[in-house]
Structure formats: structure tokens, C-alpha cells
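Okay, so here's the structure we're looking at.
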Amino acid sequence: MRVRPITPELLVSELAERMAGGPADHPLRVAVDGPPAAEPDRLADALVDPLRVRGRPAVRVDTRDFLRPASLRYEQGRTNPDAYYLGWLDEAGLRREVLDPAGPAGSGRILPSLWNPETDRATRADYRPLPRNGVVLVSGALLLGGGLPFDLTIHLVLSTGALARRTPAQWHWTLPAFARYAEEVAPATFADVLVRMDDPRHPAVVDALHG
């Protein structure tokens with residue numbers, strides 16, 4: 001493995017080039033996976049304009065808009081790391097409303113948000129048509145390993161120490177969930193793109209060396 005320091009701007013450019021060069025027979029379904037401390041939403045947001053310039057219109061989907069209702073999320077308490085790991089994200093809803101419609105046999109009409117966790121009600125968002133050369137950028141935590149049909153997976157990883165330092169104290173209860181994810185799912189071993197984000201101002205791409 002080779003760890004290659006890169007500027008945030010060049011990281012965005014490299015990722016946009018890779019996505020723009022991918023197949024365009026159906027929308028490209030991209031996971032930008034990482035704990036909130038790694039700022040996956042910021043990276044996904046930054047990719048929208050570069051993709052548009054390259055002829056690949058992008059739609060952003062934030063997994064915070066695909067959480068399960070509070071009655072299910074908090075069934076085992078509000079700070080249960082196992083529930084956070086296994087039961088907060090509505091994977092079935094994300095697959096049904098976004099990933100399957102954007103797939104090769106899908107309708108091309110996706111729902112960019114499903115549930116508002118603040119009001120604990122459906123967002124009542126409108127379906128959006130997605131061109132065949134479009135890109136769906138799904139950002140959030142704990143996205144990989146559950147069989148969701150992504151075409152490209154980007155995993156943002158932090159060291160244990162950096163994750164603890166960059167996670168607000170009120171969210172430290174989630175740290176065991178991320179430790180479990182790293183051990184049981186091991187996304188760093190199979191993600192298409194692995195980026196170290198101990199300091200988001202100074203990311204580093206981890207390249208596999210072949211030969």
C-alpha cells in the first residue's frame with residue numbers, strides 16, 4: 001500500500017475524473033462513506049459542480065434524510081451504539097427510493113429524501129428524474145457491507161485517536177459502533193477508493209500497489 005498525500009482540491013478533481021470516465025449506460029451510484037468526523041457530506045457536496053462541468057449531472061443524497069423513525073432508532077435508548085450500528089439507517093428505503101431506481105433496470109426517478117429526523121415525519125419530497133449519465137452521490141456513515149448496490153465506493157478513514165478527537169463529546173457514545181464497523185465490515189479492505197482523513201485539510205489517498 002502507498003499513502004499519497006493530496007490537497008482537498010486535487011482529491012475532488014481526481015474523484016470527479018474517475019466518475020466522469022465511468023460507464024454512462026445508467027446513473028453511477030456512488031457511496032461516500034465515513035464517520036461524521038471525516039466530513040463525507042462536505043466531500044460529496046464538493047463533487048457536484050466538477051461532475052456537472054464534466055457532463056455528469058449529480059444528485060446529492062444525505063443518509064440523515066433516510067434514518068428510521070425515532071420510535072425504532074431509540075427503541076434501545078438514545079445512546080446505544082449497537083442500535084446506531086445496526087438500526088438507524090433505513091437501508092431498505094435507501095435501496096427502494098434511490099439505489100434501485102438509479103440502477104440498470106430502474107425507472108431513473110429517485111427520491112432525494114425520505115424522512116426528516118428533526119420533525120420525525122416524512123419529508124414529502126418530490127421524485128427527481130435522473131439522466132442516464134447522471135451520478136447519485138450518497139454520503140453518510142456505515143454505508144458499506146450491507147449489500148447496498150453501489151457502483152463506486154469511497155471510504156474515508158480516521159485513526160482511532162483522530163476519530164475520538166474530532167468527534168464531539170456528545171457523540172462519543174457512537175465510537176464503539178465505528179470500531180465494530182472497522183472490525184466486522186473492514187471497509188478499508190475493499191472500498192474502491194480509500195482516503196485517510198485524520199486532518200481533512202490534508203487528506204491522503206491509500207493506493208494499492210500491484211506487481
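Worth a mention:
- Computed from backbone phi, the HN-Hα couplings of the stretch 18-32 come to 5, 5, 5, x, x, x, 10, 7, 7, x, 7, 9, 10, 9, 10 Hz, rounded to whole numbers (Karplus: 6.51 cos²θ - 1.76 cosθ + 1.60, θ = phi - 60°; Gly and Pro given as x).
- Based on protein heavy atoms only, the chain ends up with 51 Å² per residue of surface accessible to a 1.4 Å probe.
- LEU15 sits among other residues whose Cβ lies under 15 Å from its own Cβ, and their net charge, with Lys and Arg +1 and Asp and Glu -1, is -2.
- Modelled spin-label separation between ARG52 and ARG18, with each label point placed 7 Å from Cα along the Cα-to-Cβ direction: 2.3 nm.
- ASP120/THR189 FRET efficiency (R0 35 Å; Cβ-Cβ; nearest 0.05): 0.45
- Exposure of ASP49 as accessible area (Å², to 10), given a probe of 1.4 Å and all protein chains: 90
- For a modelled paramagnetic label at ASP199, 7 Å from Cα along Cα-to-Cβ, the residues of the stretch 147-185 in reach, with backbone nitrogen under 18 Å, are 157-167.
- Calculated [222 nm] ellipticity per residue, helices only, for the chain: -7500 deg cm²/dmol; basis is -39500 (n - 2.57) per DSSP H run with n ≥ 4, divided by all residues, nearest 500.
- Solvent accessible area, Å² - GLU75, 1.4 Å probe, full protein context: 140
- Chain lengthening between ASP82 and THR7 when straightened (0.36 nm per residue, less Cα-Cα): 23.5 nm
- Calculated Rg and Dmax of the stretch 5-47 using C-alpha coordinates, Å: 11.5, 34
- Point-to-point label distance, ARG132-ARG180, nm (Cα→Cβ direction, 7 Å offset): 4.3
- Positive-pole candidate from GLY22, LEU175, GLY145, dipole of the chain, charges at beta carbon: GLY22
- Here's the picture: charge each Lys and Arg Cβ at +1 and each Asp and Glu Cβ at -1 in the chain, and of THR7, ALA191, LEU156 the one pushed furthest to the positive end of that dipole is THR7.
- Using only side-chain charges placed at the Cβ, +1 for Lys and Arg and -1 for Asp and Glu, the dipole size of the chain relative to its Cα centre rounds to 260 debye.
- Dipole of the stretch 27-76, positive end: most advanced residue of ALA31, PRO69, ALA58 [Cβ charges, Cα centre]: ALA58
- Percent antiparallel among DSSP beta bridges (both partners in the chain, rounded to 5): 40
The values are calculated or read from the model by the stated rules, or taken from the named source; none is laboratory data. The model shown is predicted, which means the values in this text are computed figures rather than measured ones. Cβ atoms come from the backbone with ideal geometry, glycine included; neighbour counts cover every protein chain shown. Side chains included, ligands, DNA and RNA excluded: accessible areas come from the protein's heavy atoms. Shrake-Rupley method; radii C 1.70, N 1.55, O 1.52, S 1.80 Å.
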